[in-house]
Amino acid sequence: MRKFVHTLLFLLCISVVSAQSFKVSGSVLDEAGAGVPFASLALYSSADSVLVKTAISSENGGFSINGLDKGSYYLAATFVGYTTFNTEVFELTAGDRDLGKITLKSGNVQLDAVDIVAQKAVVEVMADKTVFNVENVGSTAGLSGFDILRKSPGVIIDNNDNVIVEGKSGVQFWIDGKPSILAGDDLTNYLRSLQASDIESIEVITQPSSKYDAEGTAGIINIVLKRNKNYGTNGSLSAGGAYGRYWKHNNSLSLNNRTRKTNLYMNYSGQLNKTFNTLNFRREVLGMAFDQRSIEVPDNDSYNLKAGMDYFLSPKSTLGLIVNGNVSDGVSTNTSRMEISNTGTGALEAVLRASSTDDFDNQNIYLNANYRFQDTLGHKFSMDVDWGNYTSDRVNLQPNDYFNSTEDSLLFRTNYQMITPLDIEIKSIKGDYEQDFLGGALAIGVKVVEIQTDNSFDFFSEQDGLLQYEPENSNSFDYSEMVTAGYFNYAAGNQKFSYQFGLRAEQTNSLGVLTSVQMTEDDRVERDYLNLFPSGGFTYNYHPKNTFAVNYSRRINRPEYQNLNPFEYRLNELGFRKGNPFLQPSYTHNVKVTNTHNYTLSTSLSYSYVQDFTAQVVDTLDAQVSFLQTRNVADEQVFSANVSYPFQVEKWWSVFLNASYNYTRYIALDDKFQPLQRGTFNIFGQNTFNLPKNYRFELSGWYNSPSIWGGTFKTGAVGSLDLALSKKFFDDRLTASVSGSDIFLFSPWTGEGNFGAVDLNADGRWESRQVRFNFLYTFGNQNVKVKKRKSGTEDEINRI
């Protein structure tokens, strides 16, 4: 009956650093004296040989097991290809114990006969974050990084490509543990250029500690790119295609060479991606109706390259270099037809036809140099120096043809061209230090980030068949920002109760300068402010299988520099976008209570209060012309509940379910803002069937109930049902898969709302229904697979 209920439910749809009373530490070495990374360590009570705790050695072989009571213990160290090492029995009575160097001896093991089946769960739920292991989901083959976000538990993407977590927008994106320099459309385009084969996992961090940047009112989404850790030389090659309305192609190559002293790695991927989306938008204002139907066809080629080196200076220290680049170019065509009518009489007065083209060429490069030090006494130090540059060259041609109501006579024509180059440069340096302190662990750090952006907007209009530059409608906007930050974080506790607290200070200095013929009082925007961001939480282990956690954090969401640009530029003949130099940062207070039962069932309740919530609103100048502008329109309150549950129906059948409910209400700060309040339900499910003869079948889906976008725009329900079938060949070296997404076409969206005198109705869709084919081949040394599997007692360690 229980299995039936689990199946039916699916088909219907802190951060704690343990530094306890005592600690055992040491290092695991091979016979040559080199550190053995990722060796398994198990600590047993000598009285009854009961397992107390487990751990994994670091990349240099060091390890530390914290939170131990007085007692008598022994430690077992194991690694594939070596014999198990058991220490002598030792006592913990008056202080920590350093076991020194543990040397593993090679065993008579035929590695090619070892069947390593360790595998991460599809989703891992922890106190401070949820980890979606993309590489373990077959139905992601051929998807872009942005598409995969739709599958991530607890993540919602609305009709305007905004990412929402726990009912809140304002998510800060990180790539490999570092903040992205991109935002808005530039970030979305970059994520669309990534492939599923590039990504190892997606971490949704809802309660970041003071160690993290305070940016992101809804927390942080960290996209972890793949990085092979096998010894020797190895790699993988993948190729695939997809079809929805147009054909798409993707390929990738991964190479890795790892020795005891060095690790060299490289990942390349490319894709040719032609797709489409529709947008139907009806606006009524002051007795006039503007009903627009449009189809956009982006045709984008993108290429990604990541290369790096780790050099192990000693068992305690590592030096690393990383280069990450992305190039994308293409053209997007948009064909639209707008009916202009009188709402009182219903008479059609004119029809506007527009067929625009948008040519773009984007380049993104990122360099990092890093140093890591960690000893067996609890001292850790790291330093990162980063430099990144993003350039975008974009040319948009916007023709506008006005016809009479019967569309048999051209009334007049206006043609525009806009050239909008963008250049972003980022430089940063950060240092972090951690050590044992007063029975706990104290961490401190500093960081300085400087961003320089150069935005130009050159406007041309057609006169006598020639495009003429119009300086009065052109501008350049230079924006610079420097954030200087420092933090401390302290964690301590015992086996029953543990806690952590911290404080982060961030000083922000920014300057935006507009250069244009149309000089206004908003041409210079200068800001200087200091913010404090406290965070903290505690965990109570009521029972080894029943843990409670409470966390609090304060976050900030700074305005995007493009939204601060006060210049007005046209979106089409009857609409334009207008920047807002007076846009203020949003601040969020987050409180979250989490319960984890039996290491699997995770339940959380959270409350967030957002001050100066920002939304993109549609306002009007007269009966015909409207404009888009981002404003601080309200204070926002969000109540959220979330349940995650992975379970086994049979040995060959595993299920993951995630369900959330968010209730949102607003307190208006703008007289034109007419706030709504609504509850929203979201569910994500994944069935995995391990079938005979190396077949694997997946059935997954998600559903979002009607919700609110931007505080005033009500959207309808959306969802998707996905299928995937894969099979392994040639000793598991070749994996072939076929998958289908949005089988029943549940993803098209609808919405309605109003702002001031403007009433809006809209609907749209994208190429969500696709069939995809993918092949993945692994080669080279596959004997020693260094894969960490968080299950059993290892999950317990992560949650304490």
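Here are the numbers for this structure:
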read-out: Residue within the range 311-321 that is in contact with a strand residue (DSSP E or B) (Cβ under 8 Å, 6 or more places away or on another chain), aromatic (F, W, Y) and open to solvent by less than 30 Å² (accessible area, probe 1.4 Å) present; value: yes
read-out: Residues being open to solvent by less than 30 Å² (accessible area, probe 1.4 Å) and of a type in the set (S, T, N, Q) - total across the range 745-769; value: 2
read-out: Qualifying position, being farther than 26 Å from V449 by Cβ, among the acidic types (D, E) and open to solvent by less than 60 Å² (accessible area, probe 1.4 Å), among D408, D384, D401; value: D401
read-out: Number of positions in the range 78-98 that are open to solvent by less than 60 Å² (accessible area, probe 1.4 Å), outside any loop (DSSP other than H, G, I, E, B) and not polar (S, T, N, Q); value: 3
read-out: Selection status of T406, within 30 Å of L99 (Cα to Cα) and in a loop (DSSP other than H, G, I, E, B); value: no
read-out: Conditions (1) surrounded by 16 or more Cβ atoms within 10 Å (Cβ to Cβ); (2) in contact with a Pro (Cβ under 9 Å, 6 or more places away or on another chain); (3) aliphatic (A, V, I, L, M); number of the one not met by A717; value: (1)
read-out: Any hit, the range 333-356, residues being under 30 Å from V28 (Cα atoms) and either surrounded by 15 or more Cβ atoms within 10 Å (Cβ to Cβ) or of a type in the set (S, T, N, Q) (or both); value: no
read-out: Hits in the range 638-671 (condition: among the charged types (D, E, K, R) and surrounded by fewer than 16 Cβ atoms within 10 Å (Cβ to Cβ)); value: E650, K651, D671
read-out: Complete set of residues in the range 495-534 that are among the charged types (D, E, K, R) and over 30 Å from the mean Cα position of the chain (by Cα); value: K496, E521, D522, D523, R524, E526
read-out: Count of the range 703-714 residues which are open to solvent by 50 Å² or more (accessible area, probe 1.4 Å) and either within 19 Å of T688 (Cα to Cα) or polar (S, T, N, Q) (or both); value: 1
read-out: Subset of the range 470-504 [at pLDDT 90 or above, hydroxyl-bearing (S, T, Y) and over 30 Å from E526 (Cα atoms)]; value: Y490
read-out: Per-region count, the range 1-53, residues among the basic types (K, R) and modelled with pLDDT of 50 or more; value: 2
read-out: In the range 556-589, the residues that are open to solvent by less than 20 Å² (accessible area, probe 1.4 Å), at pLDDT 75 or above and in a strand (DSSP E or B); value: I556, S586, T588
read-out: Residue match in the range 427-444 (condition: modelled with pLDDT of 90 or more, charged (D, E, K, R), surrounded by 15 or more Cβ atoms within 10 Å (Cβ to Cβ) and over 21 Å from V483 (Cβ atoms)); value: yes
read-out: Members of the range 258-292 found to be modelled with pLDDT under 85, open to solvent by less than 40 Å² (accessible area, probe 1.4 Å) and closer than 30 Å to V36 by Cβ, listed by number; value: R258
read-out: Index of the failed condition, N324 passing every other in (1) surrounded by fewer than 15 Cβ atoms within 10 Å (Cβ to Cβ); (2) over 30 Å from I65 (Cα atoms); (3) polar (S, T, N, Q); value: (1)
read-out: Residues satisfying the stated conditions in the range 226-276, i.e. closer than 23 Å to R192 by Cα and among the small types (G, A, S); value: S236, S238, A239, G240, G241, A242, G244, S252, S254, S269, G270
read-out: Residue check, Y487 in contact with a strand residue (DSSP E or B) (Cβ under 9 Å, 6 or more places away or on another chain) and open to solvent by 30 Å² or more (accessible area, probe 1.4 Å); value: no
read-out: Conditions (1) surrounded by 16 or more Cβ atoms within 10 Å (Cβ to Cβ); (2) touching an Asp or Glu at 6+ places or on another chain (Cβ under 6 Å); number of the one not met by R245; value: (1)
read-out: Checking D115 against (1) assigned to a strand (DSSP E or B); (2) at pLDDT below 80; (3) among the acidic types (D, E), the condition it does not meet; value: (1)
read-out: Failed condition for V137, given (1) hydrophobic (A, V, I, L, M, F, W, C); (2) within 24 Å of N595 (Cα to Cα); (3) modelled with pLDDT under 65; value: (2)
read-out: For S461: the one exception among (1) open to solvent by 60 Å² or more (accessible area, probe 1.4 Å); (2) of a type in the set (S, T, N, Q); (3) in contact with an Asp or Glu (Cβ under 6 Å, 6 or more places away or on another chain); value: (1)
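The values are calculated or read from the model by the stated rules, or taken from the named source; none is laboratory data. This structure is a prediction, so every number in the text was calculated from the model and none was measured. Every residue, glycine among them, receives a Cβ derived from its backbone with ideal geometry; neighbour counts consider all protein chains shown. Keep in mind that these areas ignore ligands, DNA and RNA; they rest on the heavy atoms of the full protein, side chains included. Shrake-Rupley method; radii C 1.70, N 1.55, O 1.52, S 1.80 Å.
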